[in-house]
Every structure is written in structure tokens, then in C-alpha cells.
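The structure under discussion appears below in the form of C-alpha cells.
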Amino acid sequence: MSAQTIRVVAHVIAHADKIPQVQAILQKIVAPTRQEAGCLSYQLFSNDGSPGEFLFIEEWTNENAIAAHFGTPHIQQALAEITPLLAQAPDIQQYTLLA
């Protein structure tokens, strides 16, 4: 892994009564995202202690790849479907490896 890549951590929290729907939407975007140019790693996790919390840990080649990701049809559709099912807006942060 290169120090030049960008890591993205996205935290998603579902309404308690919408957890299965949110999980299904999130799982549906994993395979097409892994096929995108610039995607080096795209992993989805659930919080063992809090079933409605999901976390994406991603690695991208550069900012352009991340921007293109958010413009893809599968992400646009997922965002439209998932927004009313969430307890709060997703928290999406970018990180660069320092050491």
C-alpha cells in the first residue's frame, strides 16, 4: 500500500427499525464499487455491540477516484434509498497515511 493513497472511513447509523433495509442497501453497493477505477479496497463492517452501526473502510488511488465514486449510478441510487432510513447523516472522513 502506498503512502499516496487516500483512506476513507464512512460511519452509517440506521434507525433501529430499519437495520435490515440499510444493511441490504449497503451490501448491494460493495461489489460494483470494488470494480471502480481507483478503488483499491472497499470493506463493509457492522458493529458487534450496536447492530445499527455500519462502517466502510476504503482505500482509493486519489481524490478523482473518490469524486467519481460519488457520481456513479449505484451510489446515487443507494444514497436516495438510504437517506430516510438513517438516524443521522453519514459521517465520511478522509485520511492520508503518515507512517
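Here, each number is a calculation from the coordinates, and none is a lab measurement. From a predicted model like this one, the values you see are computed outputs, not experimental measurements. FYI the Cβ positions are ideal-geometry reconstructions off the backbone, even for glycines, and counts take in every protein chain you see.
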At Ser46 and Asp91, where each label point lies 7 Å from the Cα along Cα→Cβ, what is the point-to-point distance in nanometres?
2.1 nm
Taking R0 as 35 Å, what's the FRET efficiency between Gln4 and Gln77 from their Cβ-Cβ distance, rounded to 0.05?
0.70
Compute the long axis of helix 19-34 from its Cα atoms, compare it with the longest principal axis of the Cα atoms of the chain, and write down the angle in degrees, 0 to 90, nearest 10.
20 degrees
Residues with amide H under 5 Å of Ala87's amide H, sequence separation 5 or more or different chain, H placed in the peptide plane at 1.01 Å from N; which?
Ile13, Ala14, His15
Using the charge dipole of the chain (Lys, Arg: +1 at Cβ; Asp, Glu: -1 at Cβ; taken about the Cα centre), state which of Ile75, Ala87, Pro32 has its Cα farthest towards the positive end.
Pro32
Nearest 10 degrees is fine. How inclined is helix 73-82 to the longest principal axis of the chain, computing both from alpha carbons?
30 degrees
